[in-house]
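*Asks:* Supplied in structure tokens, the structure appears directly below.
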Amino acid sequence: MLRLASPIRRSLLALALWPAALPFAWATDGPPKVLRYAMVSDATTLDPAGVSDVFSQEVAGSIFEPLYRFDYLARPAKVKPQLAVDLPEHSDDWREYTVRLRTGVYYADDPVFGGKPREVVAADVAYAIKRIFDPRWKSPQLPTFAAIGLTGLNELRQRALDQRKPFDYGAAVEGLKIVDRYTLRFRLDKPDPRFVFNLTGIVAAAPVAREVVEHYGDTVGDHPVGSGPFVLAEWRKGSQIVLARNPGYREHRYDEEPTPGDAEGEAIAQALRGRKLPMIDRVEIAIIDEDQPRWLSFLQRDLDVITVPATYAPVAVPGGKLAPGLQRQGARMQRLARPDVVYTVFNMDDPVVGGYGPSQVALRRAIGLGYDNDEEVRTIRRSMGLPAQSMVVPSTFGYDPALKTEMSTYDPARANALLDLYGFVDRDGDGWRERPDGSSLRLQYHTDKTLRQFNELWKRRMDALHLRIEFLAGQWSEQNKAARAGKLMLWFLSWNADAPDADPFLRLGYGPAIGGDNLSRFNLPAFNTLYERQSELPDGPERQATIAEANRLLLAYLPMKAHVHRLQVALHWPRLQGYRPHPFLRPFHAFVDVAGPSEKP
């Protein structure tokens, strides 16, 4: 008999412990339709201004509604209005945008409203965005929104900091104007043809009612009140999250539009077109961080869908194909090249691995050539990834699937030759290389206890180059703070795309973003100029060429070593209808249906 550690047993049992009924209206007169699945980590907050992780985004995205979203079926990704009436109107210079909201959209009922319906209005969007700049909330979205350049908002935040006074929500700012009850006008410091992406799918920019925030204060993250298709019914921290259909949700019908010729998407659209959303009554999300109990729960049909853990990929999808046993049981497979990159960041200010001189560039190149991306994908990730050729990720404008670079080349002979050529040699005969000036050369790689296999691979490959490397474990939050302050030498992390564009990944090397997204502290004037140029160009050949040139500089100086773009393989049972993983739209709950009770094997 398999024995599970007590916390994992509790996670499994949580599926059976949830209440059979909750005080919300069901979609049908029959038994409630319940979607069941698991996340590997709990949401950290459901306050839109505080959301920074994908798990919180997945849950909060079904409670709150941004102005725009991605069409669930369209590939490539396509933006469509959600709370807005239409796509934004923009000025010829791409610096001014006007958005009109739908009328008659209401927040879910909450005691704060005193039993009266509360309509969503333009002021709620303005308030939500200003909260990102309010020092009180310490919003992790601040670096992103500060970089947008909404005229006057950065200055308004700085004034609050300088004067040590509460943020002035009533102050008029040029960058965020309420034209009338349902209309907003945005003004930018510089042109941005893709500004709409900042209002698409990101819950931080979703409208929130000011009276809700002021009533719940610091606990607002546990009391989310949005206009979305679901409401929070229950949240047992570390164990389970339950969403129930919002009984007051507006009239919204399934109208997803797959790309012509997309047979799978067209079949889903034909089956569900015109259905009232949401189609299910309840979403039960178990928090199961261990691969084994999560996989067993899926096999026992306690979960309707699962992202296959890498450890079980050889069993579930041998050779990239669905295992015959799962086929016979009716399981269905979906594959997605995730728009993310796992990478190692070099601190360009660090005296050992940083710098722009030839010898320092050679050291970083040698480290990159000496690490084996293919082995990481093949052995640690069980082939669930694509070796990365650059920092630009799949499904984004600027990504070139045919690109082949040195980024994923494993060539220890060239690595050793580079080190020898630039004076990184063993001078004292102890078997380890020193720096060209004879001083000690010791790499410090910041990691955590979950990355043992990756650390072992790094150790083997650096030993082959006669480079000392030590691993310093720590908490991610503390490491992130230290990295932003320029105090880490090497760090292993990932970056995910929220929209189909390369800009956020190029920004990782943009000089003015040091202290924010630019953790490498790379600051090359030629690159900064290219970044700024591409950010202001509309999509087209000229922008594509500018992105490619900027990419070449990142490859040449190597402030970041890209490892892999992860592959996501999802399996689901036939009762789950309409499911299709989207590269950017994580909250899928409103777009799927479940047919009948779960059938046990």
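Yes/no matrix, rows are residues, columns are (1) among the charged types (D, E, K, R); (2) out of contact with any helix residue (DSSP H, G or I) (no Cβ under 8 Å at 6 or more places or on another chain); (3) at negative phi:
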position	(1), (2), (3)
Leu418	no, no, yes
Leu421	no, no, yes
Asp463	yes, yes, yes
Ile469	no, no, yes
Gly486	no, yes, no
Leu490	no, yes, yes
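*Asks:* Same structure again: Determine whether region 528-547 contains at least one residue that is among the basic types (Lys, Arg), open to solvent by less than 50 Å² (accessible area, probe 1.4 Å) and either closer than 16 Å to Trp495 by Cα or in contact with a helix residue (DSSP H, G or I) (Cβ under 9 Å, 6 or more places away or on another chain) (or both).
*Replies:* So in region 528-547, the residues among the basic types (Lys, Arg) come out as 533, 543.
Narrowing further to those that are open to solvent by less than 50 Å² (accessible area, probe 1.4 Å): 543.
Now drop any that are not either closer than 16 Å to Trp495 by Cα or in contact with a helix residue (DSSP H, G or I) (Cβ under 9 Å, 6 or more places away or on another chain) (or both), which leaves 543.
Yes, that holds for at least one residue.
*Asks:* Please identify the pairs in which a residue from region 547-575 that is free of Cβ contacts under 8 Å to residues at least 40 places away in the same chain has its Cβ atom under 8 Å from the Cβ atom of a residue that is part of a strand (DSSP E or B), counting only partners at least 6 apart or on another chain.
*Replies:* Listed pairs, sorted by first residue: none to list.
*Asks:* Only one residue in Tyr127, Tyr68, Tyr72 is of a type outside the set (A, V, I, L, M, F, W, C), farther than 30 Å from Thr219 by Cα and in contact with a helix residue (DSSP H, G or I) (Cβ under 7 Å, 6 or more places away or on another chain), so which one is that? Even if it seems obvious, please write down each step before you answer.
*Replies:* Numbers: Tyr127 fails: farther than 30 Å from Thr219 by Cα; Tyr68 fails: farther than 30 Å from Thr219 by Cα.
Selected residue: Tyr72, the only one of Tyr127, Tyr68, Tyr72 that is of a type outside the set (A, V, I, L, M, F, W, C), farther than 30 Å from Thr219 by Cα and in contact with a helix residue (DSSP H, G or I) (Cβ under 7 Å, 6 or more places away or on another chain).
*Asks:* For region 138-161, indicate whether the set of residues that are small (Gly, Ala, Ser) and loosely packed, with under 15 Cβ neighbours inside 10 Å is non-empty.
*Replies:* No, every residue in region 138-161 fails to be small (Gly, Ala, Ser) and loosely packed, with under 15 Cβ neighbours inside 10 Å.
*Asks:* Out of all the residues in region 139-190, which are acidic (Asp, Glu) and either within 29 Å of the chain's Cα centre (by Cα) or not in a strand (DSSP E or B) (or both)?
*Replies:* Going through region 139-190, the residues acidic (Asp, Glu) turn out to be 155, 162, 168, 174, 180, 189.
Once the filter is applied, which keeps residues that are acidic (Asp, Glu) and either within 29 Å of the chain's Cα centre (by Cα) or not in a strand (DSSP E or B) (or both), region 139-190 yields Glu155, Asp162, Asp168, Glu174, Asp189.
*Asks:* Of the residues Pro247, Pro224, Pro193, Pro278, which is in a loop (DSSP other than H, G, I, E, B) and within 30 Å of Leu537 (Cα to Cα)? I'd like the intermediate steps shown before the answer.
*Replies:* Values: Pro247 fails: within 30 Å of Leu537 (Cα to Cα); Pro224 fails: within 30 Å of Leu537 (Cα to Cα); Pro278 fails: within 30 Å of Leu537 (Cα to Cα).
Testing whether each residue is in a loop (DSSP other than H, G, I, E, B) and within 30 Å of Leu537 (Cα to Cα) leaves just Pro193.
*Asks:* Here's a follow-up. Any chance you could count how many residues in region 203-212 are open to solvent by less than 10 Å² (accessible area, probe 1.4 Å) and assigned to a helix (DSSP H, G or I)?
*Replies:* Selection size over region 203-212: 4.
*Asks:* On to the next question. Please go through region 210-243 and pick out each residue that is in contact with a strand residue (DSSP E or B) (Cβ under 7 Å, 6 or more places away or on another chain) and within 20 Å of Val120 (Cβ to Cβ).
*Replies:* If the condition is that a residue be in contact with a strand residue (DSSP E or B) (Cβ under 7 Å, 6 or more places away or on another chain) and within 20 Å of Val120 (Cβ to Cβ), then Pro224, Ser227, Pro229, Phe230, Val231, Leu232, Leu243 are the ones that fit.
*Asks:* I'm trying to understand the selection: among the residues of region 526-560, which are touching a strand residue (DSSP E or B) at 6+ places or on another chain (Cβ under 8 Å) and closer than 17 Å to Phe346 by Cα?
*Replies:* Once the filter is applied, which keeps residues that are touching a strand residue (DSSP E or B) at 6+ places or on another chain (Cβ under 8 Å) and closer than 17 Å to Phe346 by Cα, region 526-560 yields Leu554, Leu558, Pro559, Met560.
*Asks:* Cβ contacts < 9 Å: first residue under 21 Å from Asp53 (Cα atoms), restricted to region 464-484; second residue among the aromatic types (Phe, Trp, Tyr), any location; separation 6+ or different chain. Result?
*Replies:* Matching pairs, first to second residue: Gln479/Trp491; Asn480/Trp491; Ala482/Trp491; Ala483/Trp491.
*Asks:* Just to be sure before I move on: is Trp491 at pLDDT 95 or above, over 27 Å from Asp192 (Cβ atoms) and within 21 Å of the chain's Cα centre (by Cα) in the structure I sent?
*Replies:* The answer is yes for Trp491.
*Asks:* Right, next: Would it be correct to say that Ile268 is open to solvent by 20 Å² or more (accessible area, probe 1.4 Å), outside any loop (DSSP other than H, G, I, E, B) and either among the aliphatic types (A, V, I, L, M) or closer than 18 Å to Tyr106 by Cβ (or both)?
*Replies:* yes
*Asks:* Considering only region 32-117, give the strands (runs of 3 or more DSSP E) lying wholly within it that have at least 2 residues that are surrounded by 19 or more Cβ atoms within 10 Å (Cβ to Cβ). Write out each step before concluding.
*Replies:* Details: elements: 34-39, 68-70, 79-81, 96-100.
Hits in region 32-117: 34-39, 68-70, 96-100.
*Asks:* Going through Ala286, Ala233 one at a time, which residue ends up being over 22 Å from Gln82 (Cα atoms), open to solvent by 30 Å² or more (accessible area, probe 1.4 Å) and at pLDDT 95 or above? Write out each step before concluding.
*Replies:* Values: Ala286 fails: open to solvent by 30 Å² or more (accessible area, probe 1.4 Å).
Being over 22 Å from Gln82 (Cα atoms), open to solvent by 30 Å² or more (accessible area, probe 1.4 Å) and at pLDDT 95 or above holds for just one of Ala286, Ala233, which is Ala233.
The values are calculated or read from the model by the stated rules, or taken from the named source; none is laboratory data. These figures come from a predicted structure and were not determined experimentally. Positions of Cβ are generated from backbone atoms using ideal geometry, with glycine treated the same way; all protein chains shown enter the neighbour counts. For the accessible areas, the whole protein counts, side chains as well, though only heavy atoms, and no ligand, DNA or RNA atoms are used. Shrake-Rupley method; radii C 1.70, N 1.55, O 1.52, S 1.80 Å.
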